[in-house]
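The values are calculated or read from the model by the stated rules, or taken from the named source; none is laboratory data. What you see is a predicted model; the values in this text were computed from it and never measured. Cβ sites come from the backbone with ideal geometry, for glycine too, and all protein chains shown count toward neighbours. Protein only, heavy atoms only, side chains kept; ligands, DNA and RNA dropped before computing areas. Shrake-Rupley method; radii C 1.70, N 1.55, O 1.52, S 1.80 Å.
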Amino acid sequence: TGTNTIFSSTLNAGLTYQAIDRYIVTQMQTVIGLIVYRNQLYVLGDKLIIPFTNTSNLLFAFRPIPNAAIDNGVETNYLSLNIRAGFVFVGRAINSALSIWLYSSGLPVKIATPPIESLLNQCTDEEIEAAFLMQYTEPGTECVTITFDSGGTGYCFVYDLKASAKSGKPEWHERRDFIGGIDSRWSPNYVINCFRKNIVFGFRSGMSML
């Protein structure tokens, strides 16, 4: 909403709610987004992540868990992503540079490599606003991508969850396209799975199967 207020509609209609169907998150100035992981709601702010629990309260069902705030902020709603292993986000810890983090329990773990982190911290505010995360699966593994421009050059880096778990360290690789003789970052902007296929929507390649 651009404020520190979250809304809940029992009608499954996001634009239909009563005055009591809202909660003001006093610990943060602006709510960036919401994530659900293991049936628990996480409210994402620019400086904090606050887990909420369902108390079945008649006024507003969700309440923050006491003393459970996580000292990490999230840059934009498009830079947070729910995956089976937890959720991934781009943001900052206290007195830290911009980085990529994975949260599954306890405290978020930094998964960006130094070169990726360096590129992210060279981005302008406008480039960060346009950046996004995406998740897809390939045979035998699950992947998370981050796509962004830095210094006018487009990048797409892929985080391989299975390879990272096996090696014990973050495993990334860069993907690029060469379409019509033009080199660019990997084209996909969105991937959905249906008809037992990954259908890809690319900014240059149009719709295709992955």
- Item | Percent accessible area from carbon and sulfur atoms, the stretch 44-199, protein chains only, probe 1.4 Å | 54 percent
- For residue 160, what accessible area in Å² do you get when you roll a 1.4 Å probe over the heavy atoms of the protein chains, rounding to the nearest 10? 30 Å²
- Which ³J(HN,Hα) values, rounded to whole Hz and listed in residue order, are derived for the stretch 129-134 from phi using the Karplus coefficients 6.51, -1.76 and 1.60 in 6.51 cos²θ - 1.76 cosθ + 1.60 with θ = phi - 60°, glycine and proline given as x? 4, 8, 6, 8, 9, 8
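Considering only the other residues whose Cβ falls under 13 Å of the Cβ of residue 53, what net charge follows from Lys and Arg at +1 and Asp and Glu at -1? Please list the in-between numbers first.
On the way: positive: 38, 63; negative: none.
Every neighbour counted, the sum reads +2.
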- Task: With Cα extents along the principal axes in Å defined as stated, name the option among (1) 67, 46, 32; (2) 59, 42, 35; (3) 56, 44, 31 computed from the structure displayed.
- Result: (2)
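Could you quote the convex hull projected area for the stretch 126-210, Cα atoms only and averaged over all directions, in nm²? Please list the in-between numbers first.
Values: hull surface 25.7 nm².
Mean projected area for the stretch 126-210: 6.4 nm², to one decimal.
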- Quick one: Karplus J couplings for the stretch 183-189, per residue in order, coefficients 6.51, -1.76, 1.60, θ = phi - 60°, nearest Hz, x for Gly and Pro? 7, 8, 5, 3, 5, x, 9
- In Å², nearest 10: area of residue 105 left accessible to a 1.4 Å probe: 70 Å²
- Starting from the stretch 40-94, pick out the trypsin sites (Lys or Arg not before Pro) whose DSSP state is loop and whose Cβ has at most 12 other Cβ atoms within 10 Å. 84
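How much length is gained if the chain between residue 29 and residue 165 is pulled fully straight, taking 0.36 nm per residue apart and subtracting their Cα-Cα distance, in nm to one decimal?
Numbers: separation 136, 0.36 × 136 = 48.96 nm, distance 3.58 nm.
Stretched fully, the residue 29-residue 165 segment lengthens by 45.4 nm.
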- Which residue, 72, 82, 193, tops the fluctuation ranking in a GNM of the chain built on C-alpha contacts under 10 Å? 193
- Of the residues 86, 154, 181, which exhibits the maximal mean-square fluctuation in a Gaussian network model of the chain defined by a 10 Å Cα contact cut-off? 181
- Message: Quick check on the chain: helices-only [θ] at 222 nm, where DSSP H runs of length 4 and up contribute -39,500 (n - 2.57) each and the sum goes over total residues. Nearest 500, please.
- Response: -2500 deg cm²/dmol
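Can you tally the lysine pairs in the chain where the Cα-Cα distance is under 28 Å and the two residues are eight or more apart, or on different chains? Intermediate results must be reported in sequence, preceding the final value.
Details: 47/110; 47/169; 110/162; 110/166; 110/169; 162/197; 166/197.
The result is 7.
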- Query: How many Å² of accessible area per residue for the stretch 59-210, probe 1.4 Å?
  - Reply: 54 Å²
- Query: For the chain, modelled as a GNM with alpha-carbon contacts under 10 angstrom, which of 62, 89, 178 fluctuates the most?
  - Reply: 178
